[in-house]
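Just so it is clear, none of the values below were taken in a lab; they were calculated from the coordinates. Bear in mind that the values here come from a model prediction, so they are computed numbers and not experimental data. So basically every Cβ, Gly included, is an ideal-geometry build from the backbone, and we count neighbours across all protein chains shown.
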């Protein structure tokens, strides 16, 4: 399932050269992921209310072209259904109205209980993945 959302690059996202600071790319990835969950009817708050937390266990980003102040970004997020012991999301960032790929990356997430112990993804998450992968 491919989800798209937008985000405006604010001045605080940039360095003194007017280019986006590298750590903000992961913030935009998170925005894409959380908006995808929200739009599909399973916001993070509901997941956490069930005692399941999904910390990032791995993150990667390839910077392709500069992102600058006031750019309107398109954040594409896709849930990777091949992962069984957690979740993996793939991301691509584009400037609105352009097809140039600005950045791509992924994050992997473990499932943990409130004590931080790694657990298998519970049934409601497995069912969510099965229902939305391949959409």
How many angstrom lie between the Cα centre of segment 10-48 and the Cα centre of segment 59-124? 9
In terms of the alpha carbon gyration tensor, root eigenvalues a ≥ b ≥ c, rounded if a/c is under 1.5 and otherwise prolate when a/b exceeds b/c or oblate, segment 1-47 is prolate
Specify which labelled value, from [x] 144; [y] 114; [z] 122, agrees with volume of the Cα convex hull per residue in Å³ derived from the coordinates of the model shown. [y]
What angle, in degrees between 0 and 90 and rounded to the nearest 10, separates the Cα long axis of helix 24-39 from the longest principal axis of the Cα atoms of the chain? 50
Note down the nm distance, to one decimal, between modelled labels 7 Å out along Cα→Cβ at residue 21 and at residue 130. 4.3
Can you tell me the orientation of helix 123-132 relative to the chain, as the angle in degrees between its alpha-carbon axis and the longest Cα principal axis, to the nearest 10? 50
Does a label point 7 Å from the Cα of residue 56, set along Cα-to-beta-carbon, have any residues of segment 100-118 with amide nitrogen under 19 Å, and which are they? 102-112
